[in-house]
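The values are calculated or read from the model by the stated rules, or taken from the named source; none is laboratory data. Not measured: the values here are computed from a predicted model. Cβ atoms come from the backbone with ideal geometry, glycine included; neighbour counts cover every protein chain shown. In case anyone asks, the SASA skips ligands and DNA or RNA and just uses the protein heavy atoms, side chains included. Shrake-Rupley method; radii C 1.70, N 1.55, O 1.52, S 1.80 Å.
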Amino acid sequence: MLAKKKNLIGGVLLLALMVLTMYHLLRGKQLSQIFTILTQVKLGWIFAGVALMFVFVACEASCTRFTLRYLGHDAGRLRCLGYAFVGFYFSSITPSSTGGQPAQIYYMSKDGIPAAHGTLSMLLDTACYQVAILLCAGVALLFRPGLLTAMGTGLGLLLILGAAIMLV
């Protein structure tokens, strides 16, 4: 009974957050303007974007599952996919995207995974993500050598500084 009440309260809060978000995004806009823009949108790009976001979340779930298994916890694929979606959601609604990983650790601990193992898993996932981003940037620089100057010297120096910090 208590679980049903908690789920109902959680659902109402989620719905309220969605309504509040839509209100702030759309206030001051003409509905006719929005419908005009929506008719110009190519649905193929929307579906491709949603599919790629799902691939991103699925890759994070796979990384989480791998690290948790290495730490001795056999969390299933769907459970890890749930952790990834929790992280994606909470990162989307918290300032500076700071709520995703703590929420993931919280849900892992509810499933019996010690907070220390959940934290280490999130740390390793983040490190893997940063390395992958740097590798993608490095490959882009190899195949597009003029990219660094096209980005501007300030941004290029920032990229080099980020790479140096990650390699140290």
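Somewhere in segment 1-12, is a residue of a type in the set (K, R), touching a Lys or Arg at 6+ places or on another chain (Cβ under 7 Å), in a helix (DSSP H, G or I) and under 30 Å from A116 (Cα atoms)?
no
Where helices (runs of 4 or more DSSP H) sit wholly within segment 71-143, those with at least 3 residues that are touching a residue at least 40 places away in the same chain (Cβ under 8 Å) and over 20 Å from M53 (Cβ atoms) occupy 115-143.
The residues in segment 30-77 that are open to solvent by less than 100 Å² (accessible area, probe 1.4 Å) and under 23 Å from S91 (Cβ atoms) can be counted, and the count is 23.
For first residues located in segment 1-25 and polar (S, T, N, Q), partners that are open to solvent by less than 100 Å² (accessible area, probe 1.4 Å) and lie 6+ apart or on another chain with Cβ distances below 8 Å form the pairs T21/I93.
Consider segment 83-140 and keep the residues that are among the hydroxyl-bearing types (S, T, Y), closer than 29 Å to L15 by Cα and touching a Ser or Thr at 6+ places or on another chain (Cβ under 6 Å). The one that is modelled with the highest pLDDT is Y83.
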